[in-house]
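The values are calculated or read from the model by the stated rules, or taken from the named source; none is laboratory data. Predicted, not measured: the structure shown is a model, and the values here were computed from it. FYI the Cβ positions are ideal-geometry reconstructions off the backbone, even for glycines, and counts take in every protein chain you see. The accessibility values were calculated without ligands, DNA or RNA, using every heavy atom of the protein model including side chains. Shrake-Rupley method; radii C 1.70, N 1.55, O 1.52, S 1.80 Å.
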Amino acid sequence: MAAAAAAALAREGREDAFRRLFRFYRRRDLRGGPDLRAVIDFSAPGDQVVSSDLSISSVRDQDAYRAGLRPVSQWKAYGLDGYPGFIFISNPFLPGCQRHWVKQCLKLYPQKPNVRNLDMHMAAEETVDLWGQSQEHLRSKGSSKREPRSLLEKLRWVTVGYHYNWDTKKYSADHYTPFPSDLAFLSEQVAAACGFQGFQAEAGILNYYHFDSSLGIHVDESELDHSQPLLSFSFGQSSIFLLGGLKRDEAPTAMFMHSGDIMVMSGFSRLLYHAVPRVLPNPEGTALPLCLEQAFPSDFPDRSVIEHCSEEDWQICTKYLQTSRINMTIRQVLPVGQSFPDESRRDKEWDATSESCYHQEDSEVKRHKLDTDS
């Protein structure tokens, strides 16, 4: 019934079908918000959901442990009818290991020389040590929406590896900083489990969401190698993810993403329109998802990329995540053995003072809209 109503909504009016459903799930004017019964929840998969086979032998259990993951044989992986190449993996992380990635996204990855949205609006000296400047504010943070936000709470995106140029919609050889080795290792294990041995993590966009955030309708097509997958990791509060078609007049399918969930878009699904219209409190009704409250394993393997998160650091992360969600999207930019074409080298000048397309609501590229509903 709810699915039929959503489909009918997508056919109405002059807006394209994707835009109508995007606006529907962003609505806050109705008591309790929009009807979410049509949203797929992979923790209780329904008719459209199918099981997805993984390449269990491609990832040694020891390497999975080193990345903070359960053995691939224990993962729960799903696909969707009509979306070949789309894989949804329900939280494969070992107890306590999500904490490492949350801490890295808040404490380490936003450090220079990586690029942040704050660089566009603030002087370099104002954004030194975002973590250190935000600690005390987050520790004492109350529930009032009128409280000023810390620098970490003003963070909207960070790019690592090859840095996406929001103006030209391109990557270039001249705009690169080393890709984090721990994140590369995690990404390589997930890609291999999904049948993409040899995947090279070369660029990452980290998105930071609050309950009033959304991610606009877009296609990730700037990479020069579309044969490799797009990997998406989520931590913190939940969200609604919309996966559409090759055109915006195809109505998207709505699904929940919870903390620890991983999505892989490959093959036919690699170049589909998608968006995040809404961030929601986790369905357990607790301040944090219960999976984030689990203790770190005491017998972690040698050479693990996972580091223990101190209680002091986790206290800061906890305060942040009570109203926020973090998403890491990882991609391979270049085919193996290929370099950038000469035209990309002419884009040497990257104006960090220019306004990002994250602030243009109808742009068909990646951006946040920190909004009042329109």
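Using a probe radius of 1.4 angstrom, the carbon and sulfur fraction of the accessible surface of the chain is 49%. About its Cα centre, the chain has a charge dipole of approximately 780 debye under the convention of +1 per Lys or Arg Cβ and -1 per Asp or Glu Cβ, with nothing else charged. At 222 nm, what helix-only mean residue ellipticity would the chain give, in deg cm²/dmol to the nearest 500, using -39500 (n - 2.57) for each DSSP H run of four or more? The helix-only estimate for the chain comes to -5500 deg cm²/dmol at 222 nm. Residue ranking by accessible heavy-atom surface, 1.4 Å probe, largest first, among Arg20, Arg26, Arg70 comes out as Arg70, Arg20, Arg26.
For Leu69, neighbours were defined as the other residues whose beta-carbon sits under 12 Å from its Cβ, and their charges (Lys and Arg +1, Asp and Glu -1) total 0. Under a 10 Å cutoff between Cα atoms, tell me which one of Arg278, Arg303, Arg156 has the largest fluctuation in the Gaussian network model of the chain. Between Arg278, Arg303, Arg156, it is Arg303 that shows the largest mean-square fluctuation. Which pairs in the list Lys76/Lys247; Lys169/Lys247; Lys112/Lys141; Lys107/Lys154 are over 22 Å apart, alpha-carbon to alpha-carbon? As for pairs spanning more than 22 Å Cα to Cα, those are Lys76/Lys247; Lys112/Lys141. Residue ranges 58-68, 117-127 sort as 58-68, 117-127 when ordered by packing (mean number of other C-beta atoms within 10 Å per residue, highest first). When the chain is treated as a GNM with alpha-carbon contacts under 10 Å, the residue of Ser55, Ser310, Ser187 showing the greatest mean-square fluctuation is Ser310. Pick from Gln135, Gln294, Gln338 the residue whose mean-square fluctuation is largest in a GNM of the chain, springs joining Cα atoms under 10 Å. Judging by the Gaussian network model, the answer is Gln338.
Each Cα pair under 8 Å and six or more residues apart adds its sequence gap; the mean of these over the residue count of the chain is a relative contact order of 25 percent.
Pairwise alpha-carbon distances in the chain exceed 37 Å for 16% of all pairs.
Pairs of Cα atoms nearer than 8 Å and 6+ residues apart set the relative contact order; for region 232-302 it is 38 percent.
Accessible surface calculations at 1.4 Å, restricted to protein heavy atoms, place the chain at 43 Å² per residue.
Averaging Cα coordinates gives a centre for region 272-315 and one for region 101-142; these two points are 19 Å apart.
The mean sequence separation of alpha-carbon pairs under 8 Å and at least six residues apart, normalised by the residue count of region 169-244, gives a relative contact order of 34 percent.
Taking other residues whose beta carbon is less than 9 angstrom from the beta carbon of Thr127, and scoring Lys, Arg as +1 and Asp, Glu as -1, yields -2.
Fully extending the segment from Leu36 to His121 would add 26.9 nm, taking 0.36 nm per residue of separation and subtracting the current Cα-Cα distance.
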